[in-house]
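Here the structure comes first, spelled out in structure tokens, and everything after it is commentary.
Please treat every number below as a calculation from the coordinates, not as lab data. What you are looking at is a predicted structure, and each value in this text was computed from that prediction instead of being measured. A quick note on method: Cβ atoms are made from the backbone with ideal geometry, for glycine too, and the neighbour counts reach across all protein chains shown.
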Amino acid sequence: MNKLISLVVPCFNEQETVPLFYKALEKVKPQLRGNELEYIFIDDGSRDDTLKELKDLQQEDPEHVHYVSFSRNFGKEAALYAGLSYSTGDYVAVMDVDLQDPPEQLAEMLAGIEDEGYDVVGTRRTDRSGEPPIRSFFSNMFYKIINKISNTPILDGVRDYRLMTRQVVDSIIKLSEYNRFSKGLFSWVGFKTKYLEYQNRDRVAGNTSWSFWKLFKYSLDGIVNFSDAPLSLASFVGLFSFIGSCIAMFFIIIRKLIYGGSVDGWASIVTIVLLVGGMQLFCLGIVGKYIANIYLEAKHRPIYIVREKK
């Protein structure tokens, strides 16, 4: 019996890539063992003609193309969650619209689930060719750090691009937290998972909306959401500062008793004050990040707001 594959596609200012993406996926459909393919495009508050392109596609293929348009830009994590929530397929795939995710691998993913019994078949890049060296360096450092401090393993180079069974998707939808890091959530729910490797690809058109600063903030969210190690680090820094202060105080007292003079030099005093003050602010910043996440969760605001859909 043929099954339905829902393809979740987040879009933000992707008017050039939407038509190219649809054509590329239509070419792959004959390889999907006769299973039906439905598109669920999520317009994440685009400011160009992305929504117009999606409406044109929906009119062209109303049976298989659906779109959900947000009232504003809520971010890719919200778009992914919305797409999973609106999906109805027996299998659900998540894919970027810029075609950096190879469409031809969908057939291999499907074989992994139907023939090999996997619940999830994901993808990971084997290289970062075409990326700025500094961006690749920080990406590699992020994966090394988070895998050392978190109990949830996240493979280096893993992508959101994956095919999942309905059971896996329903498990992820239940995780309705406001502060989301999908790479971690996909791994946290578990299930039998396989990864396919591929070499990095360039965008087919347009420019990425992911700046270095956005990626840095996203990595911080991932660390905070899946590890309490930064809080332990803050405690360690505070303890180290306290012990250092006690040693310094003991040294000053002994010196006073032996030599009868006080320590000279304002520079050394100012340096110590700045050092301790800096460590305190650093620790407060770490604690503040966790408190901010708690604050946002406590508001119970919706993850996204839909303006229109079809």
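Exceedance of the 26 Å cut-off in Cα-Cα distance is limited, within the set Lys27/Lys310; Lys148/Lys299; Lys194/Lys289; Lys192/Lys310, to Lys148/Lys299; Lys194/Lys289; Lys192/Lys310. Amide H contacts of Tyr195 (H built 1.01 Å from N, in plane; Pro and chain starts excluded): Gly122 sit under 5 Å, all sequence-distant by 5 or more or on other chains.
Under 5 Å between amide hydrogens, built in the peptide plane, is the criterion, and for Leu37 it picks out Ile5 among residues at least 5 positions away or on other chains.
Here the residues Ile42, Ile5, ranked from fewest to most Cβ neighbours within 10 Å of their Cβ, fall in the order Ile5, Ile42.
Backbone phi angles across the stretch 69-77, fed through the Karplus curve with coefficients 6.51, -1.76 and 1.60 (θ = phi - 60°), yield HN-Hα couplings of 10, 7, 6, 7, 7, 9, x, 5, 4 Hz in residue order; Gly and Pro are listed as x.
As a calculated quantity, the FRET efficiency between Arg307 and Glu116 at R0 = 45 Å, using C-beta atoms, amounts to about 0.65. Which net charge results for the neighbourhood of Ile113, defined as the other residues with beta-carbon distances under 15 angstrom from its beta-carbon, given Lys and Arg at +1 and Asp and Glu at -1? Charge balance in the 15 Å sphere: 0. With the alpha-carbon atoms of the stretch 1-71 aligned to their principal axes, the span from lowest to highest coordinate is 41, 21, 19 Å, starting with the largest.
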